[in-house]
Amino acid sequence: MPGWHENLNDLVADGSMHMAGILQEQHPQRTLLFHQWKQMDWPLLVDGLNRLQVKVVPLHILIDAQGVVVAVNPRADAVRKFVGENPATGVRGSAKTVSFKAATGSALERADAAYLAGELNQAIAGYGKLADATPEQGIPRFRLGVALRRRFEQQGAAADFSAAVQAWKAALDRDPNQYIWRRRIQQFGPRLDKPYPFYDWVDLARKDIAARGEQAVKLAVEPRGAEISRPARALEQAPDALSPDPDGRILRDEGFIRVSSMVVNDTQGRPNGRVHVQLDPVAARQAHWNNEAEPLRMWLDLPSGWNSDQLLLEHAPPAHATSGETRTLEFELQWPAALKPGTHTLPAYLLYNVCEDVDGTCLYRRQDLTVQVVIPEARE
Amino acid sequence: MLALTTLLLAAPLTLQQAPPPVKIEIGQPFPVLAFSSAQSGAMSSVAAFRGKPLLLHIYASW
């Protein structure tokens, strides 16, 4: 994209043409940060729902002054020639939007309107109802996933993230050639399934922007874990490690920390996935982390034939003595290719220091966890 | 926009079996759909750029 900006921005600057973008991703602030980094300034519209139904990106569409498509993926010199032969008409564009029809709008349009208005519960209900009514349609399922993921990012319920991935998977099953939908899963999926690292550029962008003396665009959702991990061709070998509580002698947590886990499977059906574990201190008990003792750790009791890139995971605590944030751990998982369709389990446990009440006692506790891996039946 | 959205949300849900395809075809008008602006949050569409040739990039930052 920076190449287009460099090659043709003189025509924008002299008023001969417009350049603009339509984003096909969930988090528009990330693209704004990218634009700031690359010093690009064209207007950006957000199509996180994939309402344009494009299946791949990037696409470059040359449109004439009347709004008619002239070329798809033209070369820069062809754009320059077209602009030279077709000057601006002097008719100004209208910002009027006519997308949603109040009287005749379809159920899909109503759900889209709800999503765009920030009414996520309404959007999720609408997409869910449509998905039930149209078993062969991928579109409502993909958009259901978008809305669920957005609600997860606003409210933090891990079940929403899990349901989002299931909805995206169901959409992709119905159209395996839809690469926008595939990328939305791969963004959170295993490294073996990644075409690229997605958002590994964010740190470098921030450094460069800071070096220019600018304030970087703030991100609503910070990319982490799978979203910034590099693609891999093989599962990395887990470092040697010993189970920190092999006999289960550490006392169990009695409701201080709520733990949930979900697995994002490889989109191509290979036997691997990325596991996301989320830990939330229970607000009703005023539970919070004690960061002055051992860090949060997680041990995987891998069944025979299973592999992971880590056996013992550790979460670096923040600098404060105590904190109450949601914590996440992610790891890569590979299971035997011969595993039959159905639900399989990976036993694991977590060890952490948690405190009760504002001035309450801090305890070292263990919580056992069963990660559920679902191997789907092949779709007919 | 707020009034329109309120009206839409209040309308009864009518299920439609297949979402209509959106096509980007040479010689045809670019689909008129409303999108939010990443910069301002306001709703807009590609129609806002009429009057001059437009090179529209459809992409993601990944």
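Throughout, read-outs are computed from the coordinates displayed, never taken from laboratory work. What you see is a predicted model, and the numbers here were worked out from it, not measured in a lab. Neighbour counts are summed over all protein chains in view; Cβ atoms, including those assigned to glycine, are modelled from backbone coordinates with ideal geometry.
Can you put A:R143, A:R274 in order, fewest other beta carbons within 10 Å first? Don't skip to the end; give the middle numbers.
Working: A:R143 28, A:R274 25.
So the residues, fewest neighbours to most, are A:R274, A:R143.
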When chain A is treated as a Gaussian network with springs between alpha carbons less than 10 Å apart, the largest mean-square fluctuation among A:E314, A:E214, A:E153 is found at A:E214
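Counting only C-alpha contacts under 8 Å and six or more residues apart, can you give the relative contact order of chain A as a whole percent? Don't skip to the answer; put the middle values down first.
On the way: 618 pairs, mean separation 46.6, N = 380.
Reported as a whole number, the value is 12 percent.
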Would you tally the net charge around A:T326, using a Cβ to Cβ cut-off of less than 14 Å, leaving A:T326 out, and scoring K and R as +1, D and E as -1?
-3
Max mean-square fluctuation residue, GNM over chain A, Cα-Cα springs under 10 Å, options A:E119, A:E254, A:E356:
A:E254
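Taking the Cα centre of region A:107-186 as the origin, how large is its charge dipole in debye, to the nearest 20, when only Lys and Arg (+1) and Asp and Glu (-1) carry charge on their Cβ atoms? Before the final figure, lay out each step's value.
On the way: 12 positive and 9 negative charges, 45 e Å.
In total the dipole reaches around 220 debye.
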DSSP beta bridges in chain A: the antiparallel percent, rounded to 5, is 90 percent
Please identify which residues in region A:267-281 have an amide N closer than 20 Å to a label point set 7 Å out from the Cα of A:A337, following the Cα→Cβ vector.
A:267-274
Which three extents, in angstrom, do the Cα atoms of chain A have along their principal axes, listed largest first?
79, 55, 43
Out of A:H27, A:L339, A:N73 - ranked by how far each Cα lies towards the positive end of the dipole of chain A, with unit charges on the beta-carbon of charged residues - the top one is A:N73
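Rounded to the nearest 20 Debye, what is the dipole magnitude of region A:260-343 about its Cα centre when Lys and Arg each give +1 and Asp and Glu each give -1 at the C-beta? Intermediate values should be presented prior to the final figure.
Numbers: 6 positive and 10 negative charges, 61 e Å.
So the dipole magnitude of region A:260-343 works out to roughly 300 debye.
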Test of understanding: what is the full-extension gain from A:V282 to A:I250, defined as 0.36 nm times their sequence separation minus their Cα-Cα distance?
9.5 nm
Using a basic spin-label model with each label point 7 Å from the Cα along Cα→Cβ, how many nm lie between A:N7 and A:T328?
3.6 nm
A:I209: net charge of surrounding residues, Cβ under 15 Å, Lys/Arg +1, Asp/Glu -1, itself excluded?
+2
Using the Cα centre as the reference, give the magnitude of the dipole from point charges on the C-beta atoms of the protein assembly as shown (Lys, Arg: +1; Asp, Glu: -1; all else neutral), rounded to the nearest 20 debye.
1380 debye
If the elastic network links every pair of Cα atoms under 10 Å, which of A:H320, A:H288, A:H276 fluctuates the most in the Gaussian network model of chain A?
A:H320
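Sorting A:V371, A:V275, B:V32 on the 10 Å Cβ count, fewest up front, what's the list?
Working: A:V371 19, A:V275 25, B:V32 13.
So the residues, fewest neighbours to most, are B:V32, A:V371, A:V275.
How would you rank B:K52, A:K55, going from fewest to most other Cβ atoms within 10 Å of each one's own Cβ? Could you put the intermediate results ahead of the total?
Numbers: B:K52 23, A:K55 15.
Least to most surrounded, the residues fall as A:K55, B:K52.
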At what distance in nm do the modelled label points of A:A319 and A:A71 sit from each other, each positioned 7 Å from its Cα along Cα→Cβ?
5.4 nm
Under 22 Å Cα-Cα from A:K194, which lysines qualify once same-chain neighbours fewer than 8 residues away are excluded?
A:K55, A:K169
Extension length gain for A:K81 and A:A220 (0.36 nm per residue less Cα distance), in nm, is 46.0 nm
Mean residue ellipticity at 222 nm from the helices of chain A, using -39,500 (n - 2.57) per DSSP H segment of n ≥ 4 over the full residue count, to the nearest 500 deg cm²/dmol?
-9000 deg cm²/dmol
